[in-house]
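Q: Got a structure for you, questions after.
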Amino acid sequence: MLARVQLEQVGMLMPIISQAGDILIDWRSSIGSTAMNLVTSFFKERDYDSEDIKEYVEWALTGFNFLYADPEGPVVSGSATNIRPYF
């Protein structure tokens, strides 16, 4: 009896669950689209061709260089001042 009541409650909630899922998908899609636009603009502003992009990506992923405003600069112990997004 308890399982049947819970199943009926879930059935009644399905429209709400479906709507919440749709909102989440739209939100994630928006974040992804914005990220792609930022990355595309970054490379276009610098007139990078596919070889330049490949070299940049290899450099950026080495040691997580993409996270630092100045990846070649000194790291201050206990400080997050040089951990700034490049974009």
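Q: For Y48, only one of the following conditions fails: (1) part of a helix (DSSP H, G or I); (2) surrounded by 10 or more Cβ atoms within 10 Å (Cβ to Cβ). What is its number?
A: Failed condition: (1).
Q: Moving to a separate point now. With the checklist (1) within 23 Å of the chain's Cα centre (by Cα); (2) at pLDDT below 85; (3) not in a loop (DSSP other than H, G, I, E, B) in hand, flag the one item T81 doesn't pass.
A: Unmet for T81, out of (1) within 23 Å of the chain's Cα centre (by Cα); (2) at pLDDT below 85; (3) not in a loop (DSSP other than H, G, I, E, B): (3).
The values are calculated or read from the model by the stated rules, or taken from the named source; none is laboratory data. Since the structure is predicted, the reported quantities are computational estimates derived from the model, not experimental observations. Backbone-built Cβ (ideal geometry, glycine too); neighbour counts: all protein chains shown.
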